[in-house]
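So the structure is just underneath, and the comments pick up after that.
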Amino acid sequence: MKLARNFFRPLAIGAPEPLRELPVRLERMIHFVPPHLEKVRAKVPELAGQVDVVLGNLEDAIPVEAKEAAREGFIAMARATDFGATGLWTRINALNSPWMLDDVTRIAAEVGGKLDVVMLPKVEGPWDIHYLDQLLAQLEARHQLPKPILIHAILETAEGVKNVDAIAQASPRMHGMSLGPADLAASRAMKTTRVGGGHPDYKVIADPVEGRDRAVAQQDLWHYTIAKMVDACAANGLKAFYGPFGDFSDAQACEAQFRNAFLLGCAGAWTLHPSQIGIAKRVFSPDPGEVAFARRILDAMPDGSGAVMIDGKMQDDATWKQAKVIVDLARGVAA
Ligand code: GLV
Ligand code: MG
């Protein structure tokens with residue numbers, strides 16, 4: 001089965017593809033809702049107009065005694081809502097949990113035709129994806145679903161990070177991956193209790209130089225994993241995402257962490273609190289100044305080849321492609 005990808009892949013040889021309108025599906029924020037709570041479900045139709053993706057969370061943060069209620073609540077909310085262009089995802093329970101099989105079979109049977117993506121937590125290797133891939137294929141056949149349900153893996157175990165390339169290649173159903181910094185920190189025995197973000201003690205201190213203050217710079221705990229995930233995703237036509245940022249009171253740090261992910265190649269992030277929706281929308285939409293400059297590059301090189309100077313900066317085939325990434329995203333945001 002070959003699935004269409006809404007991901008731009010530049011030609012490797014010869015002139016870049018000519019400009020064309022791409023159907024960019026925006027997924028700047030994957031907004032998590034706990035579907036066992038009726039008052040939360042009641043707000044979903046309004047929410048669907050504000051976010052790119054609504055995700056019904058069935059896994060961590062849902063109490064054990066509410067697992068069935070969350071599953072049935074998700075089905076009710078999927079049935080009751082017209083999601084329009086907004087994506088509908090669910091995060092199911094882990095493969096080794098007592099709930100996962102019913103999560104997938106009930107949801108595929110009841111609302112499989114409306115479901116875009118299943119987010120699979122605690123993925124360790126391609127074998128996890130193969131299992132879910134086959135299960136979804138069986139359920140799609142049994143229920144005659146009109147379109148394939150895609151799989152999104154959370155990268156949140158040391159084993160998963162080690163196997164990230166194989167996970168990305170495991171199935172044509174793969175949609176993308178998200179960094180899961182909380183579980184990953186635990187899996188690696190990192191010494192932090194935070195959900196995403198930095199740590200004040202993870203820093204570099206400049207060498208002592210006479211007459212100068214020693215500069216101290218906090219480092220990004222997640223840079224290595226995000227870069228590794230982005231490479232695995234981009235090489236396989238998938239999208240990469242920053243996961244959760246748990247300190248809802250620190251909008252500034254959330255924005256900085258999301259922006260690093262955006263600049264490194266991520267398409268979006270999870271939003272766990274309504275206050276983070278606006279942050280993700282702002283960060284994962286391209287900056288107007290960057291878009292204007294990128295358009296000047298495309299205009300100056302109509303066939304995408306050669307070299308020109310713009311404001312003293314050299315442009316060539318490679319910067320044409322960089323500019324096209326930004327302009328395509330801007331078009332998607334404007335559509
Ligand atoms: C998300 O699931 C995380 O563990 O950070
Ligand atoms: Mg997790």
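The values are calculated or read from the model by the stated rules, or taken from the named source; none is laboratory data. Just so it is clear, the structure is predicted and the values come from calculations on it, not from any experiment. Cβ: placed from backbone, ideal geometry, glycine included. Neighbour counts: every protein chain shown.
No other residue among 253, 261, 227, 267 is surrounded by fewer than 18 Cβ atoms within 10 Å (Cβ to Cβ) and within 22 Å of residue 167 (Cβ to Cβ) apart from 227. Restricting attention to segment 257-268, does a residue exist that is closer than 18 Å to residue 197 by Cα, in contact with a Lys or Arg (Cβ under 6 Å, 6 or more places away or on another chain) and more than 16 Å from ligand 2 (Cβ to nearest atom)? Checking segment 257-268: at least one residue is closer than 18 Å to residue 197 by Cα, in contact with a Lys or Arg (Cβ under 6 Å, 6 or more places away or on another chain) and more than 16 Å from ligand 2 (Cβ to nearest atom).
Comparison of 69, 78 shows that the only residue that is farther than 30 Å from residue 325 by Cα, out of contact with any Lys or Arg (no Cβ under 6 Å at 6 or more places or on another chain) and modelled with pLDDT of 95 or more is 69.
Within segment 191-204, is there a residue that is closer than 20 Å to residue 255 by Cα, modelled with pLDDT of 95 or more, assigned to a helix (DSSP H, G or I) and within 12 Å of ligand 1 (Cβ to nearest atom)? No, segment 191-204 contains no residue that is closer than 20 Å to residue 255 by Cα, modelled with pLDDT of 95 or more, assigned to a helix (DSSP H, G or I) and within 12 Å of ligand 1 (Cβ to nearest atom). In segment 67-84, is there at least one residue being exposed (fewer than 15 other Cβ atoms within 10 Å of the Cβ), more than 12 Å from residue 115 (Cβ to Cβ), more than 14 Å from ligand 2 (Cβ to nearest atom) and under 23 Å from the mean Cα position of the chain (by Cα)? Looking through segment 67-84, at least one residue is exposed (fewer than 15 other Cβ atoms within 10 Å of the Cβ), more than 12 Å from residue 115 (Cβ to Cβ), more than 14 Å from ligand 2 (Cβ to nearest atom) and under 23 Å from the mean Cα position of the chain (by Cα). Candidates in segment 105-124 are the residues that are surrounded by 22 or more Cβ atoms within 10 Å (Cβ to Cβ) and closer than 23 Å to residue 52 by Cα; of these, the one that is nearest to ligand 2 (Cβ to nearest atom) is 121. The residues of segment 168-190 that are of a type in the set (Lys, Arg) and buried (at least 17 other Cβ atoms within 10 Å of the Cβ) amount to a single one, 173.
Every test in (1) modelled with pLDDT under 95; (2) surrounded by 14 or more Cβ atoms within 10 Å (Cβ to Cβ); (3) small (Gly, Ala, Ser) is passed by residue 305 save one, and that test is (2). For first residues located in segment 164-189 and over 22 Å from residue 30 (Cα atoms), partners that are within 16 Å of ligand 2 (Cβ to nearest atom) and part of a loop (DSSP other than H, G, I, E, B) and lie 6+ apart or on another chain with Cβ distances below 8 Å form the pairs 187/156; 187/157.
In segment 26-52, the residue that is farthest from the chain's Cα centre (by Cα) out of those that are part of a strand (DSSP E or B) and in contact (Cβ under 8 Å) with a residue 60 or more places away in the chain is 32.
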